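Note sheet for the following structure.
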Amino acid sequence: MNAALEKRFDEIYALALKMGLDPFPISFEEVPREIIWDTASYGLPTRMSHWSFGKSFLHQKINGEMGFSKIYELIINSNPSLALLDETNDDITNLLIAAHCWGHSDFFKNNICFAPTNRNMVNQAEANAKVIDSFKDKYGIDAVEDWMDIAFALDSHIDWHRGENRVKYPGPEHVFRTKHPLPYADLYGENTKPQVVEEIINTEFPPHKEKDLLWFLINYAQMLPWQREVFSIIRSESFYFYPQGQTKIINEGWASFWHAEIMLNYENLSPAEHLDFATAHSRIVRPGGGGSLNPYYVGFRILTDIKKRWDEYYKEGQKDAAFLKSNEIDHYDKDDKIVMSKMTGYEKMFQVRREEDDVSFIGNYLTRELCDDMNLFTYGLAGMEEDQEADDIILKDRKLDIVKHVMTARLHNNGTPLIYITDADEVCMNLEHEMVEKDPFAEDKTYHELEPFYAKKTLEYIYQVWKRPIILKTHDEDGGVIRYEAGKEGITEEVSGTDGASSRKFKI
Amino acid sequence: MGVLKNKIPWDLRQRGQRDSQRHQKKIKEAIKKNLHKIIADESIITTDGKRMTKVPIRYLDSYHFKHGKMRDGVGHGKGEPGDILRPGKKEEEAGDKAGKEAGVDLYEAEISVDELTKMMIDDLGLPWLEEKQRKEIETKHVEYTDLRKKGPLSNWAKKKTIIENIKRNAIENGKAKFGNLKEDDMRFRSWNERIERHSNAVVYLMMDRSGSMDDHKRYLCKATFWWICRFLEKTYDTVEIVFIAHDYDAKVVPEKDFFTIANNGGTRCSSAYELAWKDIKESRPDNVWNVYCFHFSDGDNGRDDNDVCKKLVEEMLERVNMFAYGEVAYQNDKWSERSGLVTVLRSIQNPRLMTSILKDKKDVYPTLRKFLAKEMSSEEDNDSRPEGDQL
């Protein structure tokens, strides 16, 4: 990095602080493209090696070399944050990226979803990688990678809300309880004295539906110490990555909002450079091609809208003496529409960046007007209507509620199907797949179904760990029950539709 | 201080490269495991052996619970509800394959036919090859046998380098320790080409081209012969192949005609045997030539002729290194198990006579393994088959 650019990087940082951002320090690194691809595939510059990362690396490399995609920058959530810049970026792009990164880093530091993440993950991951490498040396690369395959298959099934560090379930316990007689028991000639009875509690296993499959297996499955360690490492890294999936839209929106805000207020730009910046900005924050959504664009638009709206509400509020005296922060009118606020646009935005994830961000702040303005719509398979093939993808609806539902349904649980352990003992383990409606507004109910081939393969994985039959209750698109059983003899599938149960054996 | 400036030696990383090689290796393993399903595939048999081919493997993804194909979502743009955004595939276009395998993402690995051939024939060989007078068959081997001071870094012999370094240190400083590495210590592995000479061999490929050989049967014959030819070409630089096509009469044809020849007429397998036997007796003296015979037919042969065949084959077995007979049939054909020719041939007790019945593309691989198992002894017969194959 040349000295002039370094000086401007410092100026951008000073400006970011002045405008109210509160980021971690950032270490900016100019790196070859290979490093960008590498880090994009592994998630961290120091992460363990596994063939599946190699597969995605090759994919990134081919895409990059063919010019299908270019990654200008990557930023790692840690303290200090680590930002990787493609060494072929020009200066103005790098300035824009620097501003963008301060937005991300501020978001990492202050958004509630990221609060529990390990800010030292870059170093932790390196230590983890060393542990995994030592296992590979000791137990053979194939054995360890095969075991990692299983862990990676399950690593999105964690329970974010119960957290990374949990205590085991309380085991069954003998307790003595005083049983009081019911009122008027004497009238029925029953015992009227309090009785002490012995009870066994906590006999259910697991005591509640368990969502954290990896945690459950780590604690209750029989495995070798190194295998447990591999599971633990992959689970803990999964907790680190989880919030990134939860906050794609808002995080990118926030960073895009700030790179625009900072660059527009940055005085040390020549008119030509300003034009370059505007071009680059419009390339980043534009509607996705081919009808797909661009998270940068959606997030940026919603945040800009919030700022505009709250600036107005604030102005209205300033005119109303009664409101200013009241304890309300926001004031709603009869139709439950917000009209006044004591928060300025900036203040509101900072509140939003602290408190929301993608689902709540869209749910709370995507308005009818904005939805229309962005031309959002839902699409899906055509029904069997006249002159339409059932396979056609058609534009379905533009109603705000439906758009919101479809958008958030995809983001729910980071897009992973919800699988619970309902019951486990020496005989078998029971899993249940939660039914989620595809469209709650449709007359014919349809549900998100599991991809059967992948489901069967994953069940075989769990069977390898639990070593007893695994039974998964799931459903097809129309809600008909499907029961898979993975055991010694492979996989059995049982379908009970409306026309009675039928059973057939599968062999993979 | 917000902007940190430190330098990390990024160029040293090779993690991505290494792991993607690991991925490639896994692909190859998966292909190898599924060779018996892949090798008789039309797309491979019909190539000129030079281009890349795509091999579908269902066994190489990171599996996890995931939703079935999500066809709904949110987009932006103009349009009215009901507008077609992307026309679906018409039924005919989608075809059988898509219908049956809907929802399964096939992982398509790209591999050159050459490499596939190499995998395929790696452990095949001509059994019972004997030392004969004139050694003409040549095979080339590349062996890393030599060490040099200069060479490409990929051939760097680390262990030897360290030993050299320790030796030098011991001489110079009296301490046998590793350190102070100099260019002089560097050792690189280097290779030599070793040419092995084997005995001469002639291979007779005989194919039934009678009217009863329909497309299915012909395909199985062709697929197997295609691989036998590829195998011979790749493994032995100088092996002679004689192509014989027969219906009621047999004649020697050039290779390109052999695979495209039209079907016609009745069947008399002995005609092919006679022709081959005559050629062997006349121009392949025992002390010079190894002789291999492969015959493929649907066994639809005249009853009288079967006995003639038996007599000829018994005679030939006295002389040839191996006689292999493959019978092509349909999956549901029960009668072909007992077809005259195969029954008669199986009554000959000689380990050098091998028979196989092919009903489906997947039988091609086990058949090849059976016929071309290197270092064959009659007991090992069954072990050479890959697991899970039925024949």
Considering only region A:318-345, state which residues are closer than 21 Å to A:THR304 by Cα and either exposed (fewer than 10 other Cβ atoms within 10 Å of the Cβ) or charged (D, E, K, R) (or both).
A:ASP330, A:LYS337, A:LYS342
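For region A:403-422, how many residues meet the condition of being more than 8 Å from every other protein chain (Cβ to nearest Cβ) and part of a helix (DSSP H, G or I)? Full working, then the answer.
Quick first cut of region A:403-422, residues more than 8 Å from every other protein chain (Cβ to nearest Cβ) only: A:404-405, A:408-409, A:411-414, A:418, A:420-422.
From what's left, part of a helix (DSSP H, G or I): A:404-405, A:408-409, A:411-414.
Looking only at that region, the number is 8.
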Tell me, yes or no, whether region A:388-401 has at least one residue that is in contact with a helix residue (DSSP H, G or I) (Cβ under 8 Å, 6 or more places away or on another chain), more than 9 Å from chain B (Cβ to nearest Cβ) and buried (at least 17 other Cβ atoms within 10 Å of the Cβ).
no
Is at least one residue of region B:167-185 surrounded by 13 or more Cβ atoms within 10 Å (Cβ to Cβ), assigned to a helix (DSSP H, G or I) and polar (S, T, N, Q)?
yes
Could you check region B:226-266 and list, in sequence order, the residues that are assigned to a strand (DSSP E or B) and touching a helix residue (DSSP H, G or I) at 6+ places or on another chain (Cβ under 9 Å)?
B:ILE241, B:VAL242, B:PHE243, B:ILE244, B:ALA245, B:HIS246, B:ALA250, B:LYS251, B:VAL252
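Identify, from the list B:VAL74, B:VAL55, the residue that is closer than 30 Å to A:ALA455 by Cβ, in a strand (DSSP E or B) and modelled with pLDDT of 75 or more. Break it down stepwise before answering.
Details: B:VAL55 fails: modelled with pLDDT of 75 or more.
Among B:VAL74, B:VAL55, only B:VAL74 is closer than 30 Å to A:ALA455 by Cβ, in a strand (DSSP E or B) and modelled with pLDDT of 75 or more.
Any residue in region A:354-374 that is at the interface with chain B (Cβ under 7 Å from one of its Cβ atoms), under 18 Å from B:LYS78 (Cα atoms), out of contact with any helix residue (DSSP H, G or I) (no Cβ under 9 Å at 6 or more places or on another chain) and modelled with pLDDT of 85 or more? Walk me through it before giving the result.
Our first condition is that a residue be at the interface with chain B (Cβ under 7 Å from one of its Cβ atoms); within region A:354-374, this holds for A:374.
Within this subset, residues satisfying the condition of being under 18 Å from B:LYS78 (Cα atoms) are A:374.
Okay, now just the ones that are also out of contact with any helix residue (DSSP H, G or I) (no Cβ under 9 Å at 6 or more places or on another chain), so none.
Checking region A:354-374: not a single residue is at the interface with chain B (Cβ under 7 Å from one of its Cβ atoms), under 18 Å from B:LYS78 (Cα atoms), out of contact with any helix residue (DSSP H, G or I) (no Cβ under 9 Å at 6 or more places or on another chain) and modelled with pLDDT of 85 or more.
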Could you figure out which of (1) out of contact with any strand residue (DSSP E or B) (no Cβ under 9 Å at 6 or more places or on another chain); (2) within 30 Å of B:VAL253 (Cβ to Cβ) isn't true of B:VAL202?
(1)
Given (1) surrounded by fewer than 21 Cβ atoms within 10 Å (Cβ to Cβ); (2) closer than 30 Å to A:MET407 by Cβ, number of the condition A:THR458 does not satisfy:
(1)
Can you confirm whether A:THR458 is among the polar types (S, T, N, Q), in contact (Cβ under 8 Å) with a residue 40 or more places away in the chain and either assigned to a helix (DSSP H, G or I) or touching a helix residue (DSSP H, G or I) at 6+ places or on another chain (Cβ under 9 Å) (or both)?
yes
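Restricting the search to region B:240-282, which residues are among the polar types (S, T, N, Q) and at pLDDT 85 or above?
Taking region B:240-282 as the starting set, the residues that turn out to be among the polar types (S, T, N, Q) are B:260, B:263-264, B:267, B:270-271.
Selection gives B:SER270, B:SER271.
Any chance you could count how many residues in region A:423-441 are part of a strand (DSSP E or B), surrounded by 15 or more Cβ atoms within 10 Å (Cβ to Cβ) and out of contact with any Leu (no Cβ under 7 Å at 6 or more places or on another chain)?
Within region A:423-441, the first condition is being part of a strand (DSSP E or B), and the residues that meet it are A:423-424, A:429-433, A:437.
Keeping just the survivors that are surrounded by 15 or more Cβ atoms within 10 Å (Cβ to Cβ) gives A:423-424, A:429-433.
Keeping just the survivors that are out of contact with any Leu (no Cβ under 7 Å at 6 or more places or on another chain) gives A:423-424, A:429-430, A:432.
The qualifying residues number 5.
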Tell me whether region B:207-216 contains one or more residues that are surrounded by 14 or more Cβ atoms within 10 Å (Cβ to Cβ), in contact (Cβ under 8 Å) with a residue 60 or more places away in the chain and part of a helix (DSSP H, G or I).
yes
Candidates B:ASP304, B:ASP286, B:ASP300, B:ASP279, filtered to the one that is surrounded by fewer than 13 Cβ atoms within 10 Å (Cβ to Cβ) and either in a strand (DSSP E or B) or among the acidic types (Asp, Glu) (or both)
B:ASP304
Single match in B:ILE31, B:ILE27 (criterion: surrounded by 18 or more Cβ atoms within 10 Å (Cβ to Cβ), more than 14 Å from chain A (Cβ to nearest Cβ), at pLDDT 75 or above and in a helix (DSSP H, G or I))
B:ILE31
Here is a list of conditions, (1) touching a helix residue (DSSP H, G or I) at 6+ places or on another chain (Cβ under 8 Å); (2) surrounded by fewer than 17 Cβ atoms within 10 Å (Cβ to Cβ), and A:LYS130 meets all of them except one; can you say which number that is?
(1)
Any strands (runs of 3 or more DSSP E) falling wholly within region A:1-112 and containing at least 3 residues that are more than 10 Å from chain B (Cβ to nearest Cβ) and either within 20 Å of A:GLY299 (Cβ to Cβ) or in contact with a helix residue (DSSP H, G or I) (Cβ under 8 Å, 6 or more places away or on another chain) (or both):
A:73-76
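The values are calculated or read from the model by the stated rules, or taken from the named source; none is laboratory data. Quick caveat: nothing in here was measured; it's all calculated off a predicted structure. Neighbour counts are summed over all protein chains in view; Cβ atoms, including those assigned to glycine, are modelled from backbone coordinates with ideal geometry.
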